[in-house]
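K.L.:
Submitted below is the structure of interest, expressed as structure tokens.
Every number here is computed from the coordinates shown, using simple stated rules; none is lab data. Small disclaimer: the values here were computed from a predicted structure and weren't measured. Positions of Cβ are generated from backbone atoms using ideal geometry, with glycine treated the same way; all protein chains shown enter the neighbour counts.
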Amino acid sequence: MNHIQVMSEDLANKIAAGEVVERPASVVKELVENAIDAQSTVIDVEVEDGGLKRIKVTDNGTGMSRQDSQLAFERHATSKVKTERDLFRIKTLGFRGEALPSIAAVSKVTLETWNGQDEKGTLIRLEGGQVTTVEDAPLRQGTMVEVTDLFFNTPARYKYLKTVHTELSHISDLINRLALAHSTISFRLRHNGRTLLSTSGNGNLLHILAHIYGHQAAKQMLPFQAAHLDFEAEGFLSKPDLTRANRHYLTVIINGRFVKHQGINRAILQAYHTLLPAHRYPVVLLSLKMDPSLLDVNVHPAKLEIRLSKENELLEWLEEEIKRTLREHCLIPSPLSSMKRRTQGQHKPVQQTLDLSLPQEKHSRPEEVQKPNDDNSVHQSHVQHSSQPDQIHDQSGEYTETEGLPVKEEEKLGKQTSHPVTEPPAAKAMEQPVAEQMKRPAEKIPLLYPIGQLHGTYILAQNEEGLYMIDQHAAQERIWYEHFTEKLNQTERASQELAIPLVLEFTAGEAALIKKHQSILEKAGLFLEEFGHHAYMIRSHPNWFPQGEEEALIREMIDFAIHHKGKLEWMTFRDEVAKMMACKQSIKANQYLTRKEMEALLEKLRLSSNPFTCPHGRPITVLLTKYEIEKMFKRVM
């Protein structure tokens with residue numbers, strides 16, 4: 001008796017359905033992508049009970065003849081790939097011919113279609129993959145597919161589905177991304193009769209972002225556009241004070257297809273780098289276009305993952321272009337505007353106790369700051385030194401925003417009062433294409449005039465735009481960070497001999513890791529000599545190490561190398577060392593400054609490459625605009 005047998009077509013379809021149809025959102029994805037491929041301009045999606053009870057997708061596309069509509073439910077029947085060469089130049093979202101037969105195998109399906117040419121339309125009903133009805137249908141241009149009782153014949157699959165709300169969230173997220181990928185198509189999503197999303201299809205991405213994330217979030221987006229010999233990119237990048245708690249809001253679209261690509265996500269986050277606090281992520285819409293021969297979409301059943309033939313080149317270019325865009329814009333947050341956005345949820349400040357031990361020779365003593373009849377004295381809001389360290393509240397944009405799906409947000413966007421430094425006029429931005437928005441020059445931090453100091457921690461400064469508050473520790477930390485990063489990048493370094501060599505002892509495992517990372521430590525200017533059993537001797541260090549902090553810094557550098565998880569790259573190590581040095585060298589809380597010291601600090605900040613955030617992603621400067629101040633005092637209504 002033979003042990004190997006050819007499985008039945010019914011069983012093969014159910015197995016294929018297990019790969020293609022994971023949940024109701026998978027059905028919606030396949031049906032909507034078919035509608036997009038059919039050149040539809042309007043796509044209507046209706047679901048009931050999270051798609052578990054009913055899914056209906058209606059489009060106004062090219063439609064099908066009766067013969068084609070019957071063939072469409074055969075496995076591997078497709079109009080999109082005819083030769084092997086076509087497989088390597090995919091220009092459509094679907095191409096395998098698996099979607100409709102896989103869906104029909106585990107549900108009850110009704111299809112109505114008309115191609116605009118035949119004398120009659122076609123209606124087909126299937127149950128469990130078997131055709132039960134073929135008859136005439138009304139002459140309505142396009143196709144309607146209705147799916148009910150999903151997984152009715154595979155109860156094991158059904159029981160693993162989540163709640164109605166969870167399944168609906170997957171469907172909503174899918175339609176949102178498809179709408180962003182195809183802005184010239186009008187999408188409508190309704191659940192149990194309630195409209196969740198409705199887009200006009202006018203091609204304006206910012207309008208769609210407003211529909212999905214809300215108009216206040218859309219106003220915080222920066223237009224992005226770049227061109228390369230092999231790639232084109234456009235989209236929107238959120239300002240650093242608009243962040244989320246996970247990577248879910250990174251939307252990457254390649255040739256009209258939403259994809260998940262860890263390399264591209266990593267390039268985006270590296271471009272933001274020190275602009276973001278730890279464990280916070282930007283809202284990004286990135287749409288890439290390239291020759292279809294440069295990517296392989298046939299590597300995942302749901303076609304969510306891809307392979308790129310010029311991946312390294314793309315990622316390096318993309319990271320640099322995003323950095324360029326962020327550098328060109330003024331990223332100073334306005335706290336009152338952020339408060340308006342926090343309509344729901346609570347702000348959770350991050351408190352950091354600052355070390356008040358100061359480098360010995362670096363800064364003025366508090367008693368030198370304000371003297372009677374001293375020209376340097378200014379109108380300062382001084383507070384006596386506290387016996388406890390000051391605490392800094394992180395104003396890094398930590399807020400929860402209602403993720404509603406407004407229908408007419410573009411009307412509101414045109415009416416918002418905004419200020420040129422913090423928010424470009426929304427109405428004009430909404431009506432201009434990305435290319436036009438990118439032409440507008442953007443400044444960094446403007447020229448500021450210090451007028452005082454608050455709690456020995458915040459410099460108060462002004463210009464014609466309004467009142468600025470500058471976190472002096474964060475400002476100098478940014479300045480020192482860029483200084484030390486430059487020093488670490490130098491290939492030749494002058495060394496400072498230690499009067500007494502430093503000997504450090506380690507465990508056997510730690511000593512092995514030090515040997516593994518010794519080349520990186522040497523690149524930073526630390527030369528370790530083996531000295532006895534699991535011990536190392538250090539005779540010198542670079543002469544620009546912060547004075548008085550040399551030994552502690554050396555220990556921290558070695559400790560970071562030992563305990564770093566995964567492969568230690570030079571860029572990662574250099575960045576961490578520069579941050580440690582900058583923090584140790586910077587002004588701390590309760591450090592009072594003279595006017596000249598404040599002016600010098602602000603001027604150095606203005607000349608830095610990124611004057612907006614400290615190396616840890618916290619904001620350096622916040623702005624109370626003149627308009628906001630006058631509104632608080634009822635000078636304007």
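K.L.:
Run the simple label-point estimate for residue 547 and residue 449 please: 7 Å along Cα→C-beta, distance reported in nm.
P.N.:
3.5
K.L.:
Could you calculate the FRET efficiency of residue 499 with residue 327 from 1/(1 + (r/R0)^6), where r is the beta carbon distance between them and R0 is 45 Å, rounded to 0.05?
P.N.:
Plugging the Cβ-Cβ distance into 1/(1 + (r/R0)^6) gives 0.55.
K.L.:
Amide H neighbours of residue 495 under 5 Å, counting only residues 5+ apart in sequence or on other chains, H built in-plane at 1.01 Å?
P.N.:
Correct list: 543.
K.L.:
Okay, moving on. Rounded, prolate or oblate for region 501-637? Axes are the square roots of the Cα gyration tensor eigenvalues, ordered a ≥ b ≥ c, and the cut-off for rounded is a/c under 1.5.
P.N.:
Cα axes put region 501-637 in the prolate bin.
K.L.:
Under a crude label model (7 Å from the Cα following the beta-carbon direction), how far is residue 572 from residue 132 in nanometres?
P.N.:
Reported label-point gap for residue 572 and residue 132 is 5.7 nm.
K.L.:
Could you point to the residue in 273, 217, 256 farthest towards the positive end of region 205-327's charge dipole, with +1 and -1 charges on the Cβ of Lys/Arg and Asp/Glu respectively?
P.N.:
Of the options given, the answer is 217.
K.L.:
For a quick check: with amide H placed at 1.01 Å from N, whose amide H comes under 5 Å from residue 466's, ignoring anything fewer than 5 positions away on the same chain?
P.N.:
Those lying under 5 Å, H to H, from residue 466 are 626.
K.L.:
Any idea what the relative contact order of region 9-198 is, in percent, if you count C-alpha pairs under 8 Å spaced at least 6 apart?
P.N.:
Taking the mean separation of contacting Cα pairs over the length of region 9-198, I get 27 percent.
K.L.:
So how far apart, in nm, are the two label points at residue 507 and residue 320 if each is 7 Å from Cα heading toward Cβ?
P.N.:
Placing both labels 7 Å beyond Cα along the Cβ direction yields 4.3 nm.
K.L.:
I need the phi-derived Karplus couplings for region 278-284: 6.51 cos²θ - 1.76 cosθ + 1.60, θ = phi - 60°, integer Hz, Gly and Pro marked x.
P.N.:
With the stated coefficients, region 278-284 comes to 4, 6, 10, 9, x, 9, 9 Hz.
K.L.:
Taking R0 as 41 Å, what FRET efficiency do you get between residue 607 and residue 633 from their Cβ-Cβ distance, rounded to the nearest 0.05?
P.N.:
0.75
K.L.:
Using a/c under 1.5 as the rounded threshold, could you call region 205-327 rounded, prolate or oblate? The axes a ≥ b ≥ c are square roots of the C-alpha gyration tensor eigenvalues, and prolate needs a/b larger than b/c, oblate otherwise.
P.N.:
prolate
K.L.:
Moving on to the next point. Can you tell me the FRET efficiency between residue 533 and residue 160 if r is taken as the Cβ-Cβ distance and R0 is 60 Å, rounded to the nearest 0.05?
P.N.:
Approximately 0.60, to the nearest 0.05.
K.L.:
What does the highest-first list of 217-228, 285-296 look like by mean Cβ count within 10 Å?
P.N.:
Descending packing order for the listed peptides: 217-228, 285-296.
K.L.:
Next question, about the same structure. Can you give the direction-averaged projected area of the convex hull of the alpha-carbon atoms in region 9-198, in nm²?
P.N.:
Its average projected convex-hull area is 10.6 nm².
K.L.:
Using the per-residue mean of other Cβ atoms lying within 10 Å as a proxy for protection, in what order, highest first, do the peptides 252-263, 544-555 fall?
P.N.:
252-263, 544-555
K.L.:
Where does each of 514-526, 563-575, 586-598 land if you order them by average Cβ count within 10 Å, highest first?
P.N.:
Going by the mean number of other Cβ atoms within 10 Å, highest first, we get 586-598, 514-526, 563-575.
K.L.:
Measure up 29/53; 219/631; 444/634; 515/584 against 23 Å on the Cα-Cα distance and list the ones that go over.
P.N.:
Correct reply: 444/634; 515/584.
K.L.:
Determine the gain in length on full extension of the stretch residue 75-residue 556; use 0.36 nm per residue of separation and subtract their C-alpha separation, reporting nm with one decimal.
P.N.:
Extra length from residue 75 to residue 556 when fully extended: 167.1 nm.
K.L.:
Quick one: what are the phi-derived ³J(HN,Hα) couplings along region 577-584, Karplus 6.51/-1.76/1.60 with θ = phi - 60°, whole Hz, x for glycine and proline?
P.N.:
Rounded to whole hertz, the list is 5, 4, 5, 4, 4, 4, 5, 5.
K.L.:
Quick one: order 556, 119 by neighbouring beta-carbon count within 10 Å, fewest to most.
P.N.:
If I rank by nearby Cβ atoms, fewest first, I get 119, 556.
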